[in-house]
Amino acid sequence: MERNISDAYTGFSPPNATGPCLEWFAENALSENLTFETVRTICAISGWAPFGFPGSKSVTIVLSVIGMLLNSLVVFGVVKLQQRKPLYYLIANLAVIDIVTNIVGNVMLELTEAVTYRRFMVFLVTVVHFPVILSLTGLVLLSVDRYVSVQHPIFYHGTVGSGHVLVAVAAAWVSAALLCFSPMMGWNCKGTNTSDDRCFLGAVEGSYIVFMTVLCAAGVVVVVFTNARVFVTLRRRLNIAANGNHNQQVGCVHMNQQHIISAQKKARSVLVIIVVFLIAWLLFLWWQVTILVTIYNTWDSLVGFGVNLQFRFVFLVVFWFAPIVNPLVYAFRLPTLRRVVWNSLRNGAVRLWRRLVPPQQVHPAAILMPAVDV
């Protein structure tokens, strides 16, 4: 293997540094002939191996199984509920997106030895953005749904229906596919004859990364703004109820003890959603900005960023940790959905136990009747 690799670039001398090594292959014709795994092996001399960290196979398998199981339970619970409410459609949509994300991440790991370096880099950039944009649009729809239901409850319950949500979900999937896979349709360095100094590793031009960064930033702003407004509204209602003057406020309705407890739980859930969302998405935006720096500056300026470790972390968060966190934060916080899933699991376990260990049937003749004194 080592001899074949050395023969592939005889007469060439790739730089012995992380970024320049990848950049060197991206700017040469070898990227059209060598597979990604071959280039990775060559550049591993300089310490670059984002998919080859110790125990990566075991970690991704375990996280994939957990993510698939949790999101499958969410979809099962929504189907079992049979409630045509917009919220449950959006929850199921996010669960399906997380399942697709898990599948895409595992397929990408298997393509490293099957496609050329240049083509794999295009796949990597587009496929990473596809579940990211899908997940972000799903969270935006959930946040807007929550915002309208809290801020304008009469309009929401009288106007918004399952048909509106299905149309919005379908439009989100089609738009995400067209935007994210546009580099495969011509929006790439080769298709637009973009100079190498304005390309990311010979895959996509800088304008694509800029557009995706702005789009992600806009989605983050919408999610944070809507959830923050919901949190403030719920806290205001709780304060009014606690002060005992809610009946004097214009536009406010009576809140009994059950409504107060429900509003307190919703406020805590919204606060948790904001915190978890910011942690995950600020990390991804940080990675997007890092890519832009590599395009419009030099790799040498990123030595302090820890690009290798950063890419590993972002890749794990996007493809494996997010599909586990999302159902816990967004789906299983709903008592009705949680109850349906738990009851189904418990009943299924009981039926399985009875099938594996059937109860012993006692013949009536074997039953000893107590003696009766006459």
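The values are calculated or read from the model by the stated rules, or taken from the named source; none is laboratory data. This one's a predicted model, so the numbers in the text were calculated from it and none came from an experiment. Cβ atoms come from the backbone with ideal geometry, glycine included; neighbour counts cover every protein chain shown. The accessibility values were calculated without ligands, DNA or RNA, using every heavy atom of the protein model including side chains. Shrake-Rupley method; radii C 1.70, N 1.55, O 1.52, S 1.80 Å.
Here are some notes:
- Whole-Hz ³J(HN,Hα) from phi, Karplus 6.51 cos²θ - 1.76 cosθ + 1.60, for the range 269-280, glycine and proline x: 4, 5, 5, 4, 4, 4, 5, 5, 4, 5, 4, 6
- In this structure the amide hydrogen of Val204, modeled in the peptide plane, comes within under 5 Å of the amide hydrogens of Cys189, none closer than 5 places in sequence on its chain.
- Taking the range 63-79 and a reference point 7 angstrom along Cα→Cβ of Arg339, the backbone N atoms nearer than 19 Å belong to 74-79.
- Spacing of the two label points (7 Å from each Cα toward its C-beta) at Thr41 and Val115, in nm: 2.0 nm
- Taking all protein chains as they are arranged and a probe of 1.4 Å, the heavy atoms of His157 leave approximately 140 Å² accessible to solvent.
- Where Ile279, Ile103, Ile291 fall by accessible area, highest first, once all protein chains stay in place (1.4 Å): Ile279, Ile103, Ile291
- Straightening the chain between Arg235 and Leu271 buys 11.9 nm, computed as 0.36 nm per residue apart minus the Cα-Cα spacing.
- Glu110 accessible area, assembled protein chains, probe 1.4 Å, Å²: 120 Å²
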